[in-house]
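*Asks:* Below: one structure in structure tokens.
The values are calculated or read from the model by the stated rules, or taken from the named source; none is laboratory data. Keep in mind that what you see is a predicted model, and the values were worked out from it rather than measured. Backbone-built Cβ (ideal geometry, glycine too); neighbour counts: all protein chains shown. Ligands, DNA and RNA are stripped out before the accessible areas are found, and what is left, the full protein with its side chains, is counted by its heavy atoms. Shrake-Rupley method; radii C 1.70, N 1.55, O 1.52, S 1.80 Å.
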Amino acid sequence: LEALLANRPALEQAAAEYEKAISDLETMEAVAEQWLVLDNKAREVQLAYQKAAQEVKTRRQALETEMANLERKVAMMADSGCLDPERATCRFLADAQEAKVRLVQLAPVYEALKNGTAPEIVEASRLQKEYLELEAKRDALGYDPQKRQQLKDLAAALRPKAEQATKL
């Protein structure tokens, strides 16, 4: 008992440090929870962005391929040697005429994809912006997992001394 009483100032200081560590740890846990929520949401948005960007890329490639095929058909119509290819009724020239019409329909869609004004690109840009905003909010929290672990370790180390101080 005398030994415990002799250590009373050190035990009381340890108890105070323990209380501070527990308080800091509770604050850190709240920040960690917010960080985790933002991190999960940022990951979801990032995955959605990556999917949207891949869809845009795939659509652009498909349009480029289709337009190249249509342009070849239109070029064949021009090289057919037919006197009036616009009024020809053979299947070859009819297919080329359809290709010409389809090419005119696809041109604005392709230009919108190239210029970044297509709805798919606008949505992908929005998702990317949202991801960057979430990432910035998450990083602004200042959460440090190492500091959290240090606080846990400190609280665990001070707990026995704080309990001894309480017993006194």
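*Asks:* What figure, in Å² to the nearest 10, do you get for the accessible area of residue 131 with a 1.4 Å probe and non-protein molecules left out?
*Replies:* The accessible area of residue 131 comes to roughly 40 Å².
*Asks:* For region 89-168, just say rounded, prolate or oblate: build the C-alpha gyration tensor, square-root its eigenvalues into a ≥ b ≥ c, call rounded for a/c under 1.5, and beyond that prolate if a/b exceeds b/c, oblate if not. Mind dumping the intermediate values first?
*Replies:* Working: a/c = 9.96, a/b = 5.47, b/c = 1.82.
Prolate, because a/c is 1.5 or more and a/b exceeds b/c.
*Asks:* For region 104-168, which GluC sites (Glu not before Pro) pass both filters: DSSP loop (anything but H, G, I, E, B) and at most 13 other C-beta atoms within 10 Å?
*Replies:* On the way: sites: 111, 120, 123, 130, 133, 135, 163; in loops: none.
Those that pass, being in a loop and sparsely packed, number zero.
*Asks:* Can you give the Rg and Dmax of region 1-59 based on its C-alpha atoms, in angstrom?
*Replies:* 24.7, 82
*Asks:* Here is a further query. Give the accessible surface of region 125-168 per residue, rounded to a whole number of Å², with probe radius 1.4 Å and ligands, DNA and RNA excluded. Provide the component values of the computation, followed by the final result.
*Replies:* On the way: 3220 Å² over 44 residues.
Roughly 73 Å² per residue, with all protein chains present.
*Asks:* When Lys and Arg each count +1 and Asp and Glu each count -1, what net charge do the other residues less than 14 Å away from residue 107, Cβ to Cβ, add up to?
*Replies:* On the way: positive: 60, 100, 102, 114; negative: 64, 66, 71, 111.
Residues near residue 107 contribute 0 overall.
*Asks:* For the chain, find the longest principal axis of its Cα atoms and tell me its angle to the long axis of helix 119-140, 0 to 90°, nearest 10.
*Replies:* On a 0 to 90 degree scale, this one is about 10.
*Asks:* While we're on this one: Among [x] 34.5, 119; [y] 28.7, 101; [z] 25.8, 89, which one is Rg and Dmax of the Cα atoms in Å computed from these coordinates?
*Replies:* [x]
*Asks:* I need to check one value: relative contact order of the chain, counting alpha carbon pairs closer than 8 Å and at least 6 residues apart, in percent. Intermediate results must be reported in sequence, preceding the final value.
*Replies:* Working: 119 pairs, mean separation 85.1, N = 168.
Reported relative contact order: 51 percent.
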